[in-house]
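Participant: Right, I'll just put the structure down here and ask away after.
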Amino acid sequence: MLQDTKERYINPYTDFGFKKLFGTEMNKDLLISFLNALLVNSEKEIEDVQYLNGEDLGDGYGDRRSIFDVYCMAKDGSRFIVEMQKAEQAYFKDRSVYYATAPIRQQAPKGEWDYRLDYVYTVGILNFEFPNGEYPADSYRHEIKLIDVDDKHVFYDKLTFIYLEMPKFTKSEDELETMFDKWMFVLHNLSRLLERPAALQDRVFRKLFEQAEIARYSESERRQYEESKKIFWDNYSTLKTAEEKGVQKGLQEGLQQGLQQGLQQGLQQGRLEGMQEGVEKEKIETIRRLQAMGLPLEQIAQGVGMTDEDVRKLLN
């Protein structure tokens, strides 16, 4: 059951909520289940993970710092960056690529090295859609690797970016079939649920709902969550305000441009009509002068390039 008022479960889009569910040693089985559901079509199955320092301070003084929501390593050495991205950024793709370089650089040992690298995955849970309709409306999971642009084969399979466009996920509880569906449903709807849905009776989801229930938290944890939620909604409000101002500005500019174009078209039409009226008046005066000279109607019509009938109409 969904609800829109008082929360029973935390919002995973907040920093506190996401790290509470996926970034603690106690709940790493939730992270493992999510990653395995995400990689269900690959040969990789994650059995255990080790959390790594979420702050990469770079190689020296002045290097730009990268901060990850969740950064971990599987038993086979594969490294995972998992981020909850709450709002669209101008250079979001550049940011993802830049962040992926940290776990690549960290693999370089001191001394001799043959450059062998372990797999690196960047997982972005996006609370927005890629702009300009980059993907179809019904496509919300995107897996990107380095490919050969001519024959489309995967040139390098050890660097993978997986993005989930959460606003596009619209499946109801009755439509959930796979573990991936269930995880998408939980992430998309958790804070609006009143109780655990019947479709989410797996052991991992029983634990998730226990860990997500706000009533179980200490006073300190509730304060941290409320502060994290306030930051989330403040950022959301700021973004919506900027969007609304952008739309309003666009409408005003469009209206002004439309008025200017309309005025220009009106002036052009007025000039055209005025010219036509002037030509018409000049023709009438010419016809009357020729008529006063005693020329027959046929010659007058021929002289002004009109039919006999049109000349008669102008003279009446």
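Participant: Within 18 Å of TYR163 (Cα to Cα), of a type in the set (A, V, I, L, M, F, W, C) and at pLDDT 75 or above: is that true of PHE68 in this structure?
Facilitator: So PHE68 does not fit the description; no.
Participant: Here is a follow-up. Looking for whichever is in a loop (DSSP other than H, G, I, E, B), out of contact with any strand residue (DSSP E or B) (no Cβ under 6 Å at 6 or more places or on another chain) and at pLDDT below 95 here; the options are GLY62, GLY17. Which one fits?
Facilitator: Values: GLY17 fails: in a loop (DSSP other than H, G, I, E, B).
It is GLY62.
Participant: Can you say whether GLU88 is within 26 Å of the chain's Cα centre (by Cα), assigned to a strand (DSSP E or B) and modelled with pLDDT under 95, as far as the supplied structure shows?
Facilitator: No, not satisfied.
Participant: Can I ask one more? Since ALA199 meets every condition but one in (1) touching a strand residue (DSSP E or B) at 6+ places or on another chain (Cβ under 7 Å); (2) without any contact (Cβ under 8 Å) to a residue 60 or more places away in the chain; (3) among the aliphatic types (A, V, I, L, M), which condition does it not meet?
Facilitator: Condition (1) is where ALA199 drops out.
Participant: Identify, please: which residue in the range 45-56 is more than 17 Å from MET84 (Cβ to Cβ) and surrounded by 13 or more Cβ atoms within 10 Å (Cβ to Cβ) and is, among those, modelled with the lowest pLDDT? Step through it out loud before you land on a result.
Facilitator: Taking the range 45-56 as the starting set, the residues that turn out to be more than 17 Å from MET84 (Cβ to Cβ) are 45-50, 52-53, 56.
Retained after the next criterion (residues that are surrounded by 13 or more Cβ atoms within 10 Å (Cβ to Cβ)): 46, 49, 52, 56.
Details: ILE46: 94, VAL49: 96, LEU52: 93, ASP56: 59.
The qualifying residue modelled with the lowest pLDDT is ASP56.
Participant: Here is a check on your reading of the model: is TYR99 surrounded by 14 or more Cβ atoms within 10 Å (Cβ to Cβ) and under 23 Å from the mean Cα position of the chain (by Cα)? So that I can check it myself, show each step before the final result.
Facilitator: Working: surrounded by 14 or more Cβ atoms within 10 Å (Cβ to Cβ): yes; under 23 Å from the mean Cα position of the chain (by Cα): yes.
Yes, satisfied.
Participant: Among the residues of the range 135-186, which ones are in contact with a strand residue (DSSP E or B) (Cβ under 7 Å, 6 or more places away or on another chain), surrounded by fewer than 15 Cβ atoms within 10 Å (Cβ to Cβ) and among the β-branched types (Val, Ile, Thr)?
Facilitator: Once the filter is applied, which keeps residues that are in contact with a strand residue (DSSP E or B) (Cβ under 7 Å, 6 or more places away or on another chain), surrounded by fewer than 15 Cβ atoms within 10 Å (Cβ to Cβ) and among the β-branched types (Val, Ile, Thr), the range 135-186 yields ILE144, ILE147, VAL154.
Participant: Would you be able to tell me the number of residues in the range 20-58 that are acidic (Asp, Glu), in contact with a Lys or Arg (Cβ under 9 Å, 6 or more places away or on another chain) and assigned to a loop (DSSP other than H, G, I, E, B)? Walk me through how you get there before you give the answer.
Facilitator: From the range 20-58, those acidic (Asp, Glu) are 25, 29, 43, 45, 47-48, 55-56; that's our starting set.
This time we only want the ones that are in contact with a Lys or Arg (Cβ under 9 Å, 6 or more places away or on another chain), so: 29, 47-48, 55-56.
Going one step further and asking which of them are assigned to a loop (DSSP other than H, G, I, E, B), we end up with 47-48.
Going through the range 20-58 one residue at a time, the tally reaches 2.
Participant: Which members of the range 180-202 meet the condition of being over 21 Å from the mean Cα position of the chain (by Cα) and among the acidic types (Asp, Glu)?
Facilitator: Hits for the range 180-202 are GLU195, ASP202.
Participant: On the basis of being of a type in the set (Gly, Ala, Ser) and under 25 Å from GLY17 (Cα atoms), does ALA137 make the cut?
Facilitator: Working: of a type in the set (Gly, Ala, Ser): yes; under 25 Å from GLY17 (Cα atoms): no.
It is false that ALA137 is of a type in the set (Gly, Ala, Ser) and under 25 Å from GLY17 (Cα atoms).
Participant: Give all pairs with beta carbons closer than 6 Å in which a residue from the range 214-227 that is more than 15 Å from SER191 (Cα to Cα) meets a residue that is in a helix (DSSP H, G or I) and aromatic (Phe, Trp, Tyr); count only pairs at least 6 apart in sequence or on separate chains.
Facilitator: The qualifying pairs are GLN224/PHE16.
Participant: Inside the range 188-214, can you point out the residues that are closer than 21 Å to MET26 by Cβ and part of a loop (DSSP other than H, G, I, E, B)?
Facilitator: Hits for the range 188-214 are ARG196, LEU200, ASP202.
The values are calculated or read from the model by the stated rules, or taken from the named source; none is laboratory data. Because the structure is a prediction, the values reported are computed rather than measured. Because the Cβ atoms are built from the backbone with ideal geometry, glycine has one as well, and the counts that use them run over all protein chains shown.
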